[in-house]
Amino acid sequence: MLPSPHRLTDGSSFHQAVRVGRRAGSRTLVVHLAADGATPADRPPRIGFVVSKAVGNAVVRNRVKRRLRHLAREHVSSLPGSAVLVVRALPAAADATGAELAADLRRCLDRVAPEVSR
């Protein structure tokens with residue numbers, strides 16, 4: 001589980017990240033990264049997840065969210081301050097292994113912010 005200061009919960013931040021953020025996609029997920037406009041000292045980086053019903057039933061969606069939360073926790077310390085990261089799972093994420101999701105997340109983060117996953 002992500003610590004609460006790093007959770008993205010308000011819809012306006014999701015909307016902003018998806019609309020104006022940099023985007024990178026893979027077979028299993030799409031990553032959107034945006035700065036929320038606050039100075040880095042004001043707010044820690046926040047991460048949100050979007051897993052639609054197209055991914056599967058509730059059990060499958062929650063399993064995908066748990067895996068993504070666990071993987072994103074490894075990258076939260078390397079995100080720039082006040083960053084907003086939205087990870088959107090695609091239907092292929094339901095059948096992907098943890099290693100495939102980890103590789104796709106790392107590859108997408110490399111493309112939206114090369115300094116993040118280093």
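Considering only the range 22-44, how many residues are closer than 19 Å to Arg69 by Cβ and modelled with pLDDT under 90?
1
Going through the range 48-71 one residue at a time, which ones are surrounded by 21 or more Cβ atoms within 10 Å (Cβ to Cβ) and under 20 Å from Asp10 (Cα atoms)?
Within the range 48-71, Gly48, Phe49, Val51, Leu68 meet the criteria.
Can you tell me which condition Ile47 does not meet? The list is (1) modelled with pLDDT of 95 or more; (2) assigned to a strand (DSSP E or B); (3) not aromatic (Phe, Trp, Tyr), and all the others hold.
(1)
Has the range 27-41 got at least one residue that is more than 19 Å from Ala103 (Cα to Cα), of a type in the set (D, E, K, R) and assigned to a helix (DSSP H, G or I)?
Looking for residues that are more than 19 Å from Ala103 (Cα to Cα), of a type in the set (D, E, K, R) and assigned to a helix (DSSP H, G or I), one finds none in the range 27-41, hence no.
Pairs please, first residue from the range 41-59 and without any contact (Cβ under 8 Å) to a residue 12 or more places away in the chain, second anywhere and surrounded by 21 or more Cβ atoms within 10 Å (Cβ to Cβ), Cβ atoms under 8 Å, 6+ apart in sequence or on different chains.
Pairs found: none.
Would you confirm whether or not the range 1-18 contains a residue that is assigned to a strand (DSSP E or B) and either aromatic (Phe, Trp, Tyr) or surrounded by fewer than 18 Cβ atoms within 10 Å (Cβ to Cβ) (or both)?
yes
Checking the conditions here, which among Ala93, Ala99 is among the small types (Gly, Ala, Ser), assigned to a helix (DSSP H, G or I), modelled with pLDDT of 90 or more and crowded, with 18+ Cβ neighbours inside 10 Å?
On inspection, the qualifying residue turns out to be Ala93.
The values are calculated or read from the model by the stated rules, or taken from the named source; none is laboratory data. For clarity, every value in this text was computed on a predicted model and none was experimentally measured. Please note: Cβ atoms are built from the backbone with ideal geometry, for glycine as well, and neighbour counts cover all protein chains shown.
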